[in-house]
Amino acid sequence: MKVMKFGGTSVGSVESLLNLRDIVNAEQKPVIVVVSAMGGFTNQLLAMCEQAQQRDISCLDILETARRLHHDAIDGVVVESMKKQVHDTIDRFIDESLKPYYLALATNPHMPVDEIERVCDAIVAHGEILSSAIVTGMFEDGVPHLSLNYMRTVLDGHGRVLDWEETGRLVKDDFASMALGVHVAQGFISRDTASGDVTNLGRGGSDYTAAILASLLDAEALEIWTDVDGFMTADPRTHPDATVIPQMTYEQAQQMCDAGAKVIYPPTIAPVAMKRIPVWVKNTFNPSAPGTVIVD
Ligand code: ASP
Ligand code: MG
């Protein structure tokens, strides 16, 4: 079984979602598909939090633009029999969850700081909740999973970290006896073990979610589907002669991530390196390109 993670640009348009569908349909089932929020939406959700705190409710207009974007995607990619259900899901989360959260921020000038943080963490989780509803609806054999049910974080001296013990137990439970099909999970989002509050694994954390699932479920491979052909020898924007690195070790990949290569979120490498699970970095917009493979 493989874990395939698709980033924001890979789920950001009808065109890219259709590529995703072809890529996933070519795989043996079961397969686990981990998705990011539609490209740019996480930034928007956070910017709207700032606006709402300034009592600026024009953020609700931005929310309407995002609603249309999600509905357009549904019309373009979701299987006919699922369209109504997915449209309704998107509207429900926007109207019954996001809007009340933003209004609470905008109308409560005395909201304590930790409450504001809690609300914003709950808000930002909606990016992946909405995109995953769409991706699940693209497959006749799509099976939804809810990462809020099994990804757990705890506070340690350095901030929020994964609660490996609790997450391990819950993930094995949730994915036990997996039916054939396309199992779709949200990247990035989690809950605090003690309080149950919605948390996340940090910006770019969907890669890490996919690596954690791959590691805990002993996947045969982790694939990170993005919008570049793989790890490059240099930044192609400043070095036009940069080329794709076909193969690297976990140590080399970790060094490049730590040095600022944006291809993969740095915490992603360790969980898969520990189990020697090969990691492929591939381009959703150029799927036949060989990509980069990271191995022992
Ligand atoms: N949507 C989150 C972000 O933009 C997580 C991710 O895409 O990996 O940071
Ligand atoms: Mg990313």
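The values are calculated or read from the model by the stated rules, or taken from the named source; none is laboratory data. Note that this is a predicted model, so its numbers are computed, not measured. Every residue, glycine as well, gets a Cβ built from its backbone with ideal geometry; the counts of neighbours run over all protein chains shown. In case anyone asks, the SASA skips ligands and DNA or RNA and just uses the protein heavy atoms, side chains included. Shrake-Rupley method; radii C 1.70, N 1.55, O 1.52, S 1.80 Å.
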Fill in the blank from the handout: Okay, strands (runs of 3 or more DSSP E) sitting entirely in the range 151-212 with 2 or more residues that are open to solvent by 30 Å² or more (accessible area, probe 1.4 Å) and over 26 Å from residue 226 (Cβ atoms), I get 152-156
Practice task
Give the residues of the range 256-280 that are hydrophobic (A, V, I, L, M, F, W, C) and in contact with a helix residue (DSSP H, G or I) (Cβ under 9 Å, 6 or more places away or on another chain), sorted by residue number.
Solution key: 257, 261, 263, 264, 269, 270, 272, 273, 274, 277, 279
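From the list 73, 106, which one is within 16 Å of ligand 1 (Cβ to nearest atom) and either surrounded by 12 or more Cβ atoms within 10 Å (Cβ to Cβ) or touching a residue at least 24 places away in the same chain (Cβ under 8 Å) (or both)?
73
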Practice task
Could you tell me whether the range 22-35 includes any residue that is crowded, with 24+ Cβ neighbours inside 10 Å and part of a loop (DSSP other than H, G, I, E, B)?
Solution key: no
Problem - helices (runs of 4 or more DSSP H) wholly inside the range 48-117 containing at least 3 residues that are hydroxyl-bearing (Ser, Thr, Tyr) - result: 99-107
Handout entry: Pair list, Cβ under 7 Å, 6 or more apart: the range 250-276 residue over 18 Å from residue 237 (Cβ atoms) and in a helix (DSSP H, G or I), other residue within 12 Å of ligand 2 (Cβ to nearest atom) and aromatic (Phe, Trp, Tyr)
Key = 267/208; 268/208
Exercise for the section: Kindly establish whether residue 82 is of a type outside the set (Asp, Glu), surrounded by 14 or more Cβ atoms within 10 Å (Cβ to Cβ) and within 16 Å of ligand 2 (Cβ to nearest atom). Expected result: no
Exercise for the section: Return yes when residue 220 is within 25 Å of residue 19 (Cα to Cα), acidic (Asp, Glu), more than 16 Å from ligand 1 (Cβ to nearest atom) and surrounded by fewer than 19 Cβ atoms within 10 Å (Cβ to Cβ) and no when it is not. Expected result: yes
